Amino acid sequence: MTRFESAKEMYQNIGVDVDAALKKLNNVKISMHCWQGDDVAGFENGSSLDGGIAATGNYLGKARNSAELMADLDKAFSLIPGKHKVNLHASYAITDEKVDRDKLEPKHFKAWVDYAKDRGLGLDFNPTLFSHPKAANGLTLSSPDKKIRQFWIDHCKASRKIAEYFGKELRTTTLNNIWIPDGYKNAPADRLSPRKRLKESLDEIFTQKVDAKYIADCVESKVFGIGFESYTVGSSEFYMNYAAKNNIMCLMDTGHYHPTEVVSDKISALLLFSEKLALHISHPVRWDSDHVLVLNDELKEIGKEIVRSDALDRVFIGLDFFDASINRIAAWVVGMRNMQKALLEALLAPNAKLAQLQETENFTELMALQEELKTYPMGDIWDYFCKMNNVPEKQNWLIDVKNYEKNVLSKRTEQTI
């Protein structure tokens with residue numbers, strides 16, 4: 001009997017259908033963020049990062065152009081089980097013409113659509129409302145300057161058409177996520193007016209007609225960013241209310257809350273009132289530091305909440321971290337595989353039995369079973385899942401990454417080509 005067969009038997013003895021769990025996991029498409037590959041630089045060759053965003057580290061081999069970024073994505077996907085999606089920012093347009101963000105069109109992203117089609121991948125999208133001269137003071141959709149606001153409104157409208165184009169071309173639903181950096185370093189004299197302007201800007205953006213079959217809109221909150229510590233216009237309360245009132249999704253980023261808050265506890269609450277929701281998942285350390293996703297307790301709880309809520313088809317799962325202190329491809333692989341492991345662990349639990357024990361107030365058996373599950377051989381099931389998807393098991397994928405670093409990444413310089 002193989003290790004997989006032995007592990008499968010153990011799970012079957014507690015009522016878990018391992019084959020069904022693996023089938024469900026294989027159908028989950030996680031959105032892998034392109035900006036991990038080049039430290040959120042994008043292809044505009046513009047100014048350095050701003051808007052409360054910072055990528056730390058100087059590891060060799062950063063992608064310098066679209067060809068290198070796509071090659072790096074390919075290497076990462078070759079080491080991750082299943083077929084997934086690429087999450088793009090508007091600043092990653094591939095074009096020879098000089099075009100500002102308010103004038104972006106689907107044609108500027110055709111190369112990404114071709115890339116996705118060739119590989120059977122999906123695409124998600126984000127308007128880029130940072131690292132731009134018209135966001136230099138940290139105010140975009142809430143700016144008191146009407147011309148600045150209109151520029152960013154037009155950019156968000158253009159982004160929605162691009163996202164719709166992705167969906168139509170790839171015959172899927174593209175998530176279009178609006179996040180803005182807007183806020184103030186010190187306590188503001190007027191908190192209401194910026195939020196009123198943000199609401200009006202969003203109202204204008206969403207008057208634009210798009211096909212809901214191909215695009216899913218969402219808005220993303222944040223507690224604060226570097227340089228915006230005292231006040232964030234797009235707070236959690238603002239966006240949750242705006243999303244509920246306007247029948248769009250609220251995206252929850254695991255790093256965008258107080259350190260004592262956890263997103264896992266919020267998932268079931270939102271699913272009661274929203275058909276779908278979206279997540280950006282990273283590993284926050286003390287604040288929104290966007291560390292590479294590790295398989296910690298909170299990630300496992302997120303996986304459990306999605307699975308136990310029977311919401312694998314209702315939650316858009318995307319990753320959002322950017323670590324330049326380690327091999328960037330390794331960061332992608334670790335994060336994506338850990339997200340899948342968290343979902344697998346949840347799928348391998350006898351969730352109906354656990355819920356029944358809670359409902360009948362049999363808390364002793366509930367605790368005992370939950371604790372015993374922690375040492376069940378999930379790793380053997382995971383290794384089989386990797387094998388069935390023709391990707392390396394355990395840490396063997398790191399051999400490929402090291403070879404790629406030696407033969408490809410080490411030959412890159414900081415100069416963009």
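Numbers for the structure displayed
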{"read-out": "Odd one out for ASP290, checked against (1) at pLDDT below 95; (2) surrounded by fewer than 17 Cβ atoms within 10 Å (Cβ to Cβ); (3) not in a loop (DSSP other than H, G, I, E, B)", "value": "(2)"}
{"read-out": "The stretch 272-284, subset closer than 21 Å to THR174 by Cβ and either not in a loop (DSSP other than H, G, I, E, B) or not polar (S, T, N, Q) (or both), residue nearest to the chain's Cα centre (by Cα)", "value": "HIS280"}
{"read-out": "Residue in the stretch 129-150 that is assigned to a helix (DSSP H, G or I) and touching a strand residue (DSSP E or B) at 6+ places or on another chain (Cβ under 6 Å) present", "value": "no"}
{"read-out": "Search result, residues across the stretch 157-205 that are outside any helix (DSSP H, G or I), of a type outside the set (A, V, I, L, M) and under 20 Å from LYS134 (Cα atoms)", "value": "ASN177, TRP179, PRO181, ASP182, GLY183, TYR184, LYS185"}
{"read-out": "Test: ARG191 is buried (at least 18 other Cβ atoms within 10 Å of the Cβ), among the basic types (Lys, Arg) and under 26 Å from PRO144 (Cβ atoms)", "value": "no"}
{"read-out": "Among the candidates LEU299, LEU347, LEU354, LEU319, residue that is within 24 Å of ILE226 (Cβ to Cβ) and modelled with pLDDT of 95 or more", "value": "LEU319"}
{"read-out": "Condition met for GLY57 (modelled with pLDDT under 95, closer than 28 Å to VAL223 by Cβ and in contact with a strand residue (DSSP E or B) (Cβ under 8 Å, 6 or more places away or on another chain))", "value": "no"}
{"read-out": "Verdict on ALA135 being modelled with pLDDT under 95 and of a type outside the set (Ser, Thr, Tyr)", "value": "yes"}
{"read-out": "Residue check, ALA111 within 22 Å of ASP39 (Cβ to Cβ) and outside any loop (DSSP other than H, G, I, E, B)", "value": "yes"}
{"read-out": "Residues that are surrounded by fewer than 24 Cβ atoms within 10 Å (Cβ to Cβ), touching a Lys or Arg at 6+ places or on another chain (Cβ under 6 Å) and over 14 Å from ARG101 (Cα atoms), drawn from the stretch 144-188", "value": "none"}
{"read-out": "Selection from the stretch 308-351 of residues that are in contact (Cβ under 8 Å) with a residue 60 or more places away in the chain and either charged (D, E, K, R) or more than 30 Å from LYS402 (Cβ to Cβ) (or both)", "value": "LEU312, PHE316, ASP320, ASP323, ARG328, ARG337, LEU347, LEU348, ALA349, PRO350"}
{"read-out": "Any hit, the stretch 239-246, residues being at pLDDT below 95 and within 15 Å of HIS280 (Cβ to Cβ)", "value": "no"}
{"read-out": "Number of positions in the stretch 238-285 that are polar (S, T, N, Q) and either at positive phi or surrounded by 22 or more Cβ atoms within 10 Å (Cβ to Cβ) (or both)", "value": "3"}
{"read-out": "In the stretch 255-269, the residues that are in contact with a strand residue (DSSP E or B) (Cβ under 9 Å, 6 or more places away or on another chain) and at pLDDT 95 or above", "value": "VAL263, LYS266, ILE267"}
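Let's see how each residue does on (1) under 22 Å from the mean Cα position of the chain (by Cα); (2) crowded, with 16+ Cβ neighbours inside 10 Å; (3) farther than 15 Å from CYS156 by Cα:
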{"residue": "LEU79", "(1), (2), (3)": "yes, yes, yes"}
{"residue": "GLY82", "(1), (2), (3)": "yes, yes, yes"}
{"residue": "VAL86", "(1), (2), (3)": "yes, yes, yes"}
{"residue": "HIS89", "(1), (2), (3)": "yes, yes, no"}
{"residue": "LYS98", "(1), (2), (3)": "no, no, yes"}
{"residue": "LEU104", "(1), (2), (3)": "no, yes, no"}
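The values are calculated or read from the model by the stated rules, or taken from the named source; none is laboratory data. The structure displayed is predicted, hence computed values, not measured ones. Ideal geometry is used to build each Cβ from the backbone, glycine not excepted, and the neighbour counts take in all protein chains shown.
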